[in-house]
Amino acid sequence: MSRLTITQLRQMKDSGEKIAVLTSYDASFSRILEEAGIDVILVGDSLGMVIQGQESTLPVTVDEMVYHTQNVVRGSGEVFVIADMPFMSYANADQAISNAALLMAKGGAQMVKLEGGTVNISIVKQLVERGIPVCGHLGLLPQSVHHIGGYRVQGRDPEDAKSLVKEAKQLAQAGAGMLVLECVPATLSKVITAAVDIPVIGIGAGIECDGQVLVLYDMLGITPGKRPRFSQNFLINGKNISTAISDYVDAVKSGKFPNEDQQY
Ligand code: KIV
């Protein structure tokens, strides 16, 4: 049994096979996700909100991310595992290298994800030079929620859209192996996906991305409060969890998710 590799994920982009991604934070769900055909598990710092009940992702620590990554890795054997680097754990290169090393060596992640573009380029280069694969994250950056002033769509303004395209290219040139695009107009994510040769995974970014990710608890309908427009509850009509996840995988792979109403 071996895990999916970044090379295989790149081949999926090249061949047009959509990449199905979900977040997970523990062994039991990770096993179900893997059995249902998920390609990539993101151990997201969204765990701060959906597991810990925090108001944002900001309080999540590196130790907590290591713990949850270990659990996900134990519960799976074939999926590609990405671990989020929490808020301020990559504010400079030294910090980024030692924290990413913990997530990889102790946690067992195959890649780390960090939020932001231009500001992180030198850090991304230094991580990649040391053999640490990096996933970028552009668009809505939940770790910057207080700066942005809420969870809102990014890149609607033509200048912002231009910057996002530039930052995506910079990240790919710096060696990032994957990119998450969150809450941007579908027309913009189409441009970005075509502009870089690394897999682009969208959340609220439309159908043209190379793959889709959702927060597991959102797509199971167990996150309290109003569901974001781009999400879908797959656990409806008396389905069980395994079927809901398989339906999500099928919907992503067949291009049925997201639909027109689920994009900006
Ligand atoms: O933390 C997380 O779950 C994420 C996704 C929203 C992409 O970063």
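Output yes when any residue across region 56-72 is more than 16 Å from the ligand (Cβ to nearest atom), at pLDDT 95 or above and touching a Lys or Arg at 6+ places or on another chain (Cβ under 8 Å), and no when none is. Yes, region 56-72 contains a residue that is more than 16 Å from the ligand (Cβ to nearest atom), at pLDDT 95 or above and touching a Lys or Arg at 6+ places or on another chain (Cβ under 8 Å).
Looking at region 13-50, which of the residues that are closer than 14 Å to Gly77 by Cα and of a type in the set (Val, Ile, Thr) is surrounded by the fewest Cβ atoms within 10 Å (Cβ to Cβ)? Ranking the qualifying residues of region 13-50, first place goes to Ile32. Could you tell me which residue of region 73-98 is farthest from Gly177 (Cα to Cα), considering only residues that are more than 16 Å from the ligand (Cβ to nearest atom) and crowded, with 23+ Cβ neighbours inside 10 Å? The selected residue is Ser76.
The rows are residues; the columns are (1) free of Cβ contacts under 8 Å to residues at least 24 places away in the same chain; (2) surrounded by fewer than 23 Cβ atoms within 10 Å (Cβ to Cβ); (3) out of contact with any strand residue (DSSP E or B) (no Cβ under 8 Å at 6 or more places or on another chain).
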site: Pro158; (1), (2), (3): yes, yes, yes
site: Gln170; (1), (2), (3): no, yes, yes
site: Ala194; (1), (2), (3): yes, yes, yes
site: Thr223; (1), (2), (3): no, yes, yes
site: Lys226; (1), (2), (3): yes, yes, yes
site: Lys253; (1), (2), (3): no, yes, no
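Here Cys135 fulfils each of the conditions (1) surrounded by 19 or more Cβ atoms within 10 Å (Cβ to Cβ); (2) more than 17 Å from Val81 (Cα to Cα); (3) within 15 Å of the chain's Cα centre (by Cα) apart from (2).
For region 51-65, the candidate set comprises residues that are out of contact with any strand residue (DSSP E or B) (no Cβ under 8 Å at 6 or more places or on another chain) and not in a loop (DSSP other than H, G, I, E, B); within that set, the residue that is surrounded by the most Cβ atoms within 10 Å (Cβ to Cβ) is Val62. Contact map, region 57-68: residues that are over 21 Å from His146 (Cα atoms) paired with residues that are buried (at least 21 other Cβ atoms within 10 Å of the Cβ) and hydroxyl-bearing (Ser, Thr, Tyr), Cβ distance under 6 Å, separation 6+ or inter-chain. Pairs shown: His68/Tyr25.
Taking the conditions (1) touching a Gly at 6+ places or on another chain (Cβ under 8 Å); (2) under 25 Å from Ile32 (Cβ atoms); (3) hydroxyl-bearing (Ser, Thr, Tyr) in turn, Ser56 satisfies each one other than (2). Of all residues in region 123-155, those that are touching a residue at least 40 places away in the same chain (Cβ under 8 Å) and of a type in the set (S, T, N, Q) total 1. Residues of region 164-177 that are in contact with a Leu (Cβ under 7 Å, 6 or more places away or on another chain) and not small (Gly, Ala, Ser): Leu164, Glu167, Leu171. The residue pairs whose first member lies in region 77-103 and is on the phi > 0 side of the Ramachandran plot, whose second member is away from the ligand (no atom under 14 Å from the Cβ) and among the charged types (D, E, K, R), and whose beta carbons are closer than 8 Å, counting only pairs six or more residues apart or on different chains, do not exist in this structure.
The values are calculated or read from the model by the stated rules, or taken from the named source; none is laboratory data. Every value quoted in this text rests on a predicted model; they were computed, and no experiment measured them. All Cβ positions, glycine included, derive from the backbone under ideal geometry; neighbour counts span all protein chains shown.
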